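**Q** Could you have a look at this structure, given as structure tokens, before my questions?
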Amino acid sequence: MDFALSDDQLTFIDQVDRYLRDTCPPDRLHKAFDGNEAIASEIFQGLLELGLGGLVAPEEHGGLGLGLLEAASITERIGFAGAPGPWVSHVLAVLAIANAGSDAQKARWLPGMAAGEIVGAVALMEGSAWSPEDWKLSASPRLSGAKDYVMGLREAQVFVVGLAGGQLALVESTAPGVSMTPWFSTDMTRPVGQIGFDNVACEVMPQAYGAELLDAALTLASADSHGASARMVEDIVEYSKTRVQFDRPIAAFQAVKHKLADLATAVEPNGPLYRQTAAIFDQTPDDSHRAAALAKAHITEVASNICRIATESYGGIGYTWEHSAHIWLRRAMFNYAWMGTPAVHRARAADLAGW
Amino acid sequence: MDFALSDDQLTFIDQVDRYLRDTCPPDRLHKAFDGNEAIASEIFQGLLELGLGGLVAPEEHGGLGLGLLEAASITERIGFAGAPGPWVSHVLAVLAIANAGSDAQKARWLPGMAAGEIVGAVALMEGSAWSPEDWKLSASPRLSGAKDYVMGLREAQVFVVGLAGGQLALVESTAPGVSMTPWFSTDMTRPVGQIGFDNVACEVMPQAYGAELLDAALTLASADSHGASARMVEDIVEYSKTRVQFDRPIAAFQAVKHKLADLATAVEPNGPLYRQTAAIFDQTPDDSHRAAALAKAHITEVASNICRIATESYGGIGYTWEHSAHIWLRRAMFNYAWMGTPAVHRARAADLAGW
Amino acid sequence: MLAPVASEQETFRKEVKAFLKENWLGAADRDASAFRKKAVAAGYVYRSIPKIYGGSEQAADPVKAHIIREEFDKVRAPREVGGNGPGLLAPTLLACGEDWQKEMFIPKTLTGEYRWAQGYSEPGAGSDLANIRTSAVLEGDEWVINGQKVWTSDAHNSIFMFILVRTEPDAPKHQGISYLLLDMRQPGVTVRPLKQITGEAHFNEIFLDNARTPKNWIVGERGKGWIVSRTTLVHERNTVGASMGSDHLFNQVLKLARTTELNGRPAIEDPLIRDELGRIYARVSAHRAAGQHAQNLAGAGREGSPAAGGFTKLYGSAISESIGLLAQRIMADHAMAQPVENHAGPGRWVRQYLNSIAAQLGGGTSNMQRNQIAERALGLPRD
Amino acid sequence: MLAPVASEQETFRKEVKAFLKENWLGAADRDASAFRKKAVAAGYVYRSIPKIYGGSEQAADPVKAHIIREEFDKVRAPREVGGNGPGLLAPTLLACGEDWQKEMFIPKTLTGEYRWAQGYSEPGAGSDLANIRTSAVLEGDEWVINGQKVWTSDAHNSIFMFILVRTEPDAPKHQGISYLLLDMRQPGVTVRPLKQITGEAHFNEIFLDNARTPKNWIVGERGKGWIVSRTTLVHERNTVGASMGSDHLFNQVLKLARTTELNGRPAIEDPLIRDELGRIYARVSAHRAAGQHAQNLAGAGREGSPAAGGFTKLYGSAISESIGLLAQRIMADHAMAQPVENHAGPGRWVRQYLNSIAAQLGGGTSNMQRNQIAERALGLPRD
């Protein structure tokens, strides 16, 4: 399977990278992380306006008509930048509507989402229940209950809500009976919270797309984590070249040097792995469940460990709030836990492999 | 709990150490390892004649009347030396007879075992069944079946055989119906094999001592493994000081130096841990099952990994048959597997802790 | 053949228990200082400090010291005052200070009236502590101090500070340092809380801008501050009882595993979690046994390994890290958010996870400990 | 936006399949050399070697090369002759040899008539290969060679040897080495099997006692042997397809887990074993994806990481080691003994366990790879 990026794709990614470098330097990132909503929202809106809002929406609805491979590759760069905002939630909402929605639903939502005028979000987990098989909410015909760990609570105007049997429903944020409870979040670039439904009007989408949406979510979490860990390694490598102790850069100490080589080695193949996983989703969806479970298990776990080790490697400075390390560390911690931990997905991958 | 060794104990251990240094240098050890039974037997017999044969036998039967703490401390040194012979099997047989035997049985066997004239061995495992709860052999009234992974097949004149319900029986090697099948052993300093019983006359001992014997076996395996790993670390540290590459001793490379420090750190507390476990067996036997399970799980696993890493650290030379590294590596591999793997004992320790 | 030391220890333990029963009224007793006076008189606290300075002047006996710690802790009776003063400054003054310094500072430090901040690390001097740049220049009868310190613990509660400064800028780096005492209640000293990765602030940055201290508030000779400070570092690396932290952390994570649901049942029933708990518990037990061993050796007046401090620290760091990682697995989704800040549920373990990163940093990094072990215990070449 | 490269590859794959279907009769076909001639003619093997020397002289195309490997392997059709000759010596001669050397040695090496031993490592020259001491002195028209080589693979099957020797004892260590060719069929060459930790002997020691070789059997200039030998080492570190070994090993351990009972049920049902299998399989998948990525890049004519060889080797070593450790857990009691030598049961994994130690050694140790990665990919200072 070829999952190398074409020149066009690379050019596009470069554009996104440039945008992120300009708008999301450390000082602004720290402000967004510390709760400056204006900066967070400016960075995120700008991303959508680059055309990313409709990345996976069909062209007839104003989107770019691209696949998960491209979405994941962009997600990596967003993770690399540590950029604030519910990017992953929005992409998944677009993907769900594009693949599971009726023509009317697509026409109602996708053009605005593609134009960056409407932000979407997915509301999937119920407590720790991440699997569509364990979702219990139902729309019969109105929706009651709650969804947890929802990313984009503040920003989204439309929510794609997971229902029993892997069905999905559309709920507007302004619908009567909808309540939002922001939580004290570990990853403050992407705060989460609970959305409550009290007899809320909703529209169920015709396709039961929950299982596919899960695969996409796992793949994007992997890509984001890979980006975060790659950034951490890049930063600690640079730091080690300039931080002097005992009259030489610490990178000149073999123990440090080899640890950095080990980190780089652990990171290196994760890019190909998530891209391959995304390409499988796009091209041979039959194999997607297993591939996505395995990638999520591996990459979010390894990335979380790498971010941890890199943070430690800074010495005292990495342990301060003012340093950036924990922004990515927390991001990796979030991805580790979101939509099921490495351990459960590893067990699931083993089942799916028929072991 | 005080498990420090007294001056008397240390003096005794020093004696054993000196004996082993003299009789078990690398050239002779290699010969024994390669199958020279005369050398193996000479080294082992000499150990018994130091008085070790009856270490744990009561003084009234010619023994030294010591406990598992002393036996384990001697076992560590034997593991350190990599000395050939079924020491562990013999000590366990003496311990079993001393604690589970009738007066007549003690009088019949212990004086000869203490004098080094009779070698004993334990025959406990049935296939992979190490636990007294899973032993199936019974003496009703004669013994039929087989015991596996028996250490001391060649040397022993009397076998302590585990029976259903944790009972133990005494069987003479010359009894009609006893057959021995030596196996192709990984640890050639202590080859094992199968002992078969075809309607064999045996004597059941009055106490069901299987569970206690298991604890003692786990503790001695831990002590032996600790000795092996301590030796491996000592040797690789010395080698690293003298092996020159790139114009300096490899110990001067920080990556090597720190790896050695990590090995030493992993070894360091295992001595206290097995000695504490042995002291618990001797002094507060109620806590012994859990302590022995935990020590076996931890020490035999860590020691096996240490021996492996140390072997790797030699580079090519450590990978040759002529080098001594694999003698201890194989010894540690044996201890890892004998009488239950680390994983099962870890699970058992968790159960026993009431988790 | 077992050594008959146990009975003597037990007698002493009974004495301590009896003392506590008679004198410690339990948590209701708010007058710790009155109790502490009695404990000094009984010889249970400040054992290594002469009576003239407010200590109880007992012969060194790590076994007794350990028994006292254990028994006091069992009933939560106050022992020595916490902080840097009694643990770090007082031993240093005893070893290297002038008599008037001892008289002036030690007694009130022991009662807790004088609290001390430690001014060692700087932005450019972490593991390479000798690289400090904060300068002190003698002007008349005063040292004038300029520079910045980081990771000063307890600075917001302290009125004094012991500080390493460079007084001989032209000398080789280890020989240009002096050890000064400093009153923090002056305009030249600015304390800024250092917010940690967890959001808490247990440490501070200190900015010294023409801060002043009397000429004779120097401990040891001018330029000998590096050696003076080593006295203190040795005290930081006590081996006996170092495993207590591991024990405590393990009990916490065990409780987390018992009380948190993972995949629909208590996490402790999950075979993977159970195995890892067992794995860590074995290391905690080994750590404890090693501590006990060190205590036994000390009790018998024998020498332990020359790098015992490094061993136990490195071992303990690794345990703490493993516990953090296990907590991450158990917390699962709770690691993403807590319904409210400081919630008592599994989510508070996020802080523990982040804190366990500090285990690699505090009191010398793991790499420094590896060097120490390699050089002192294994006899390997110095870097 | 997906690149339309797939179709071109598929066309080529069909061609290869068709060739194999027509020309390869399967395992029954014992005449590998006749088949190989056809494969040369078709441009499928010895692609980088000129036709005049018996190769098929194709433009470099790693993607095609990979497809050929895959398709040939699927039906077990023979590709290039194995051993050091085609893989190591021939590329070196092509890059650095005289024309007469190429003519004399390459064609018969490609057919397998000339087999080659590699004489690099010595007892005192392992990772520090440039430290070799085996000397060669020119006496008239011959080099006279004395010394000892170790870890020479395939020596017992070989008639020739390429060897690094010190010809300029006074030059700096990298500049005093020459690269010689040597006929092993002479009294001065003694081959002794080197028994490995597993009891097998895949390598040899070679003792050179006044061994002789013609003056002009030198490849490249005198004293330039170090650089000449680097040509070969680069060929050892091919990245594409390097994950195939991991794949193969994993499938073996998976089978072991399926067929071995652990605690009364198939090991693969044990949650701990299952988790570790999943953990390793994910790394195997990542390794494979990285190899595929390298192939995709090569196919698109783009550059990969400058340390890709080091990455994939280090990653593969770690996988091999994990598989060894997992096998130890699965084997359990079978690790202690086998009823008979070479028994086909789980006990034969003892050998695998011991062999996986070599993964840390072969082709440059892991520490050398870490240096390479750190210096070439991360730009860190050289040791």
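The values are calculated or read from the model by the stated rules, or taken from the named source; none is laboratory data. The model shown is predicted, which means the values in this text are computed figures rather than measured ones. Using ideal geometry, Cβ is built from the backbone for each residue, glycine included, and neighbour counts are taken over all protein chains shown.
**Q** With the requirement that a residue be of a type in the set (A, V, I, L, M, F, W, C) and touching a helix residue (DSSP H, G or I) at 6+ places or on another chain (Cβ under 8 Å), what does the stretch B:139-162 give you?
**A** Across the stretch B:139-162, the qualifying residues are B:VAL150, B:MET151, B:ALA156, B:VAL158, B:PHE159, B:VAL160.
**Q** Determine, yes or no, whether C:GLU103 is surrounded by fewer than 21 Cβ atoms within 10 Å (Cβ to Cβ), at pLDDT 95 or above, over 20 Å from the mean Cα position of the chain (by Cα) and farther than 19 Å from C:ASP209 by Cα.
**A** Yes; evaluated as a whole, the condition is true for this residue.
**Q** Let me ask something else about it. Specify which of the listed residues (D:ALA298, D:ALA290, D:ALA282) is hydrophobic (A, V, I, L, M, F, W, C), surrounded by fewer than 23 Cβ atoms within 10 Å (Cβ to Cβ) and farther than 30 Å from B:PHE184 by Cβ.
**A** Among D:ALA298, D:ALA290, D:ALA282, only D:ALA298 is hydrophobic (A, V, I, L, M, F, W, C), surrounded by fewer than 23 Cβ atoms within 10 Å (Cβ to Cβ) and farther than 30 Å from B:PHE184 by Cβ.
**Q** Within the stretch B:246-355, which helices (runs of 4 or more DSSP H) (wholly inside it) include 3 or more residues that are of a type in the set (Lys, Arg)?
**A** Because the criterion is at least 3 residues that are of a type in the set (Lys, Arg), the helices (runs of 4 or more DSSP H) in the stretch B:246-355 that meet it are B:288-313.
**Q** Hey, can you tell me all the residues within the stretch A:340-349 that are more than 7 Å from chain C (Cβ to nearest Cβ) and surrounded by 23 or more Cβ atoms within 10 Å (Cβ to Cβ)?
**A** Residues satisfying the conditions are A:GLY340, A:PRO342, A:HIS345, A:ARG346, A:ALA349.
**Q** State whether one or more residues within the stretch B:147-166 are within 10 Å of another protein chain (Cβ to nearest Cβ), assigned to a loop (DSSP other than H, G, I, E, B), under 14 Å from D:VAL340 (Cα atoms) and among the hydroxyl-bearing types (Ser, Thr, Tyr).
**A** no
**Q** Going by the structure shown, is D:SER320 surrounded by fewer than 24 Cβ atoms within 10 Å (Cβ to Cβ), in contact with a Gly (Cβ under 8 Å, 6 or more places away or on another chain) and either among the hydroxyl-bearing types (Ser, Thr, Tyr) or not in a helix (DSSP H, G or I) (or both)?
**A** Taking the combined requirement at face value, the residue satisfies it.
**Q** Oh, and also: Looking at this structure, is A:LEU10 at pLDDT below 95, over 27 Å from A:LEU124 (Cα atoms) and not in a loop (DSSP other than H, G, I, E, B)?
**A** yes
**Q** B:GLU212 - would you say it is under 18 Å from the mean Cα position of the chain (by Cα), within 30 Å of B:MET125 (Cα to Cα) and surrounded by fewer than 24 Cβ atoms within 10 Å (Cβ to Cβ)?
**A** Here the answer is yes, as B:GLU212 does meet what is asked.
**Q** Moving on. What tally of residues in the stretch D:69-100 results from selecting those that are within 17 Å of D:ASN23 (Cα to Cα), more than 19 Å from the chain's Cα centre (by Cα) and not in a loop (DSSP other than H, G, I, E, B)?
**A** Within the stretch D:69-100, residues that are within 17 Å of D:ASN23 (Cα to Cα), more than 19 Å from the chain's Cα centre (by Cα) and not in a loop (DSSP other than H, G, I, E, B) number 2.
**Q** What number goes with the only condition from (1) of a type outside the set (Phe, Trp, Tyr); (2) surrounded by fewer than 24 Cβ atoms within 10 Å (Cβ to Cβ); (3) over 17 Å from C:ALA286 (Cβ atoms) that B:VAL267 does not pass?
**A** (3)
**Q** Right, next: Go through A:ALA57, A:ALA71, A:ALA93, A:ALA81 for me and flag whichever is closer than 20 Å to A:GLN45 by Cβ, within 14 Å of chain D (Cβ to nearest Cβ) and crowded, with 23+ Cβ neighbours inside 10 Å.
**A** Working: A:ALA57 fails: within 14 Å of chain D (Cβ to nearest Cβ); A:ALA93 fails: within 14 Å of chain D (Cβ to nearest Cβ); A:ALA81 fails: within 14 Å of chain D (Cβ to nearest Cβ).
Residue meeting the stated conditions: A:ALA71.
**Q** Say we look at the stretch C:37-54 and pick out the residues that are charged (D, E, K, R) and outside any loop (DSSP other than H, G, I, E, B); which of these is nearest to C:ILE106 (Cα to Cα)?
**A** Narrowing the stretch C:37-54 to residues charged (D, E, K, R): C:37-38, C:47, C:51.
Then keep just the ones that are outside any loop (DSSP other than H, G, I, E, B); that gives C:37-38, C:51.
Numbers: C:LYS37: 15, C:LYS38: 18, C:LYS51: 11 Å.
Ranking the candidates gives C:LYS51 first.
**Q** List every residue pair whose Cβ atoms sit under 9 Å apart, with the two residues 6 or more apart in sequence or on different chains, where the first one lies in the stretch C:128-139 and is closer than 9 Å to C:ARG166 by Cα and the second, anywhere, is of a type in the set (Ser, Thr, Tyr).
**A** As it stands, the answer is C:ILE132/C:TYR120; C:ILE132/C:SER121; C:SER135/C:THR167; C:ALA136/C:THR167; C:ALA136/C:SER178; C:ALA136/C:THR213; C:VAL137/C:THR167, since those pairs meet every condition given.
**Q** Please list, ordered by first then second residue, the pairs with beta carbon atoms under 7 Å, 6 or more apart or interchain, first in the stretch B:175-187 and without any contact (Cβ under 8 Å) to a residue 40 or more places away in the chain, second loosely packed, with under 15 Cβ neighbours inside 10 Å and of a type in the set (A, V, I, L, M).
**A** The qualifying pairs are B:PHE184/D:VAL340.
**Q** How about the stretch D:71-93: which of its residues are in contact with a helix residue (DSSP H, G or I) (Cβ under 8 Å, 6 or more places away or on another chain) and more than 18 Å from D:ALA41 (Cβ to Cβ)?
**A** Listed by number, the residues that qualify are D:VAL75, D:GLY83, D:GLY85, D:GLY87, D:LEU88, D:LEU89, D:ALA90, D:PRO91, D:THR92, D:LEU93.
**Q** Same structure, new question: What pairs can you find where one residue is in the stretch D:263-288 and at the interface with chain A (Cβ under 10 Å from one of its Cβ atoms) and assigned to a helix (DSSP H, G or I), the other is surrounded by 22 or more Cβ atoms within 10 Å (Cβ to Cβ) and among the basic types (Lys, Arg), and their Cβ atoms are less than 6 Å apart, with a gap of 6+ or different chains?
**A** D:ASP275/A:ARG346; D:GLY278/A:ARG346
**Q** To continue, here is another question. Output yes when any residue across the stretch A:304-316 is in contact (Cβ under 8 Å) with a residue 40 or more places away in the chain, within 15 Å of the chain's Cα centre (by Cα) and surrounded by 24 or more Cβ atoms within 10 Å (Cβ to Cβ), and no when none is.
**A** Yes.
**Q** Here is a further query. Can you give me the number of residues within the stretch C:169-220 that are under 17 Å from C:ASP154 (Cβ atoms) and hydroxyl-bearing (Ser, Thr, Tyr)?
**A** Summing the residues that are under 17 Å from C:ASP154 (Cβ atoms) and hydroxyl-bearing (Ser, Thr, Tyr) in the stretch C:169-220 gives 1.
**Q** Now for a separate question. Could you figure out which of (1) buried (at least 22 other Cβ atoms within 10 Å of the Cβ); (2) more than 12 Å from chain D (Cβ to nearest Cβ); (3) in a helix (DSSP H, G or I) isn't true of A:ILE236?
**A** A:ILE236 satisfies all of (1) buried (at least 22 other Cβ atoms within 10 Å of the Cβ); (2) more than 12 Å from chain D (Cβ to nearest Cβ); (3) in a helix (DSSP H, G or I) except (2).
**Q** Still on this structure, I have one more. Evaluate the following for B:ARG331: is it of a type in the set (Lys, Arg) and touching a Gly at 6+ places or on another chain (Cβ under 7 Å)?
**A** So B:ARG331 passes the test.
**Q** Sticking with this one: Would you confirm whether any residue within the stretch A:33-45 is of a type in the set (A, V, I, L, M) and more than 19 Å from A:ARG190 (Cβ to Cβ)?
**A** no
**Q** I would also like to ask the following. Starting from residues that are over 20 Å from D:LEU89 (Cβ atoms) and of a type in the set (D, E, K, R), keep the ones in the stretch D:143-196 and report whichever is nearest to the chain's Cα centre (by Cα).
**A** Result: D:LYS195.
Okay, residues lined up against (1) touching a residue at least 24 places away in the same chain (Cβ under 8 Å); (2) part of a helix (DSSP H, G or I):
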position: C:PHE12; (1), (2): yes, yes
position: C:PHE19; (1), (2): yes, yes
position: C:GLU22; (1), (2): no, yes
position: C:PHE35; (1), (2): yes, yes
position: C:SER56; (1), (2): no, no
position: C:ILE67; (1), (2): yes, yes
position: C:LYS102; (1), (2): yes, yes
position: C:ILE106; (1), (2): yes, yes
position: C:LEU110; (1), (2): yes, yes
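**Q** If you check B:VAL171, B:VAL122, B:VAL161, which single one turns out to be of a type in the set (Val, Ile, Thr), closer than 14 Å to B:VAL204 by Cβ and under 20 Å from the mean Cα position of the chain (by Cα)?
**A** So the residue among B:VAL171, B:VAL122, B:VAL161 that is of a type in the set (Val, Ile, Thr), closer than 14 Å to B:VAL204 by Cβ and under 20 Å from the mean Cα position of the chain (by Cα) is B:VAL161.
**Q** A further question follows. Could you list all residues from the stretch A:317-335 that are surrounded by 24 or more Cβ atoms within 10 Å (Cβ to Cβ) and facing another protein chain (nearest Cβ under 7 Å)?
**A** A:TYR319, A:HIS326, A:MET333, A:PHE334
**Q** Among the residues of the stretch B:99-118, is any closer than 28 Å to B:LEU273 by Cβ, within 18 Å of the chain's Cα centre (by Cα) and touching a residue at least 60 places away in the same chain (Cβ under 8 Å)?
**A** So far as the stretch B:99-118 goes, no, none of its residues is closer than 28 Å to B:LEU273 by Cβ, within 18 Å of the chain's Cα centre (by Cα) and touching a residue at least 60 places away in the same chain (Cβ under 8 Å).
**Q** Related question: Since B:VAL244 meets every condition but one in (1) crowded, with 18+ Cβ neighbours inside 10 Å; (2) within 12 Å of chain D (Cβ to nearest Cβ), which condition does it not meet?
**A** It is condition (1) that B:VAL244 fails.
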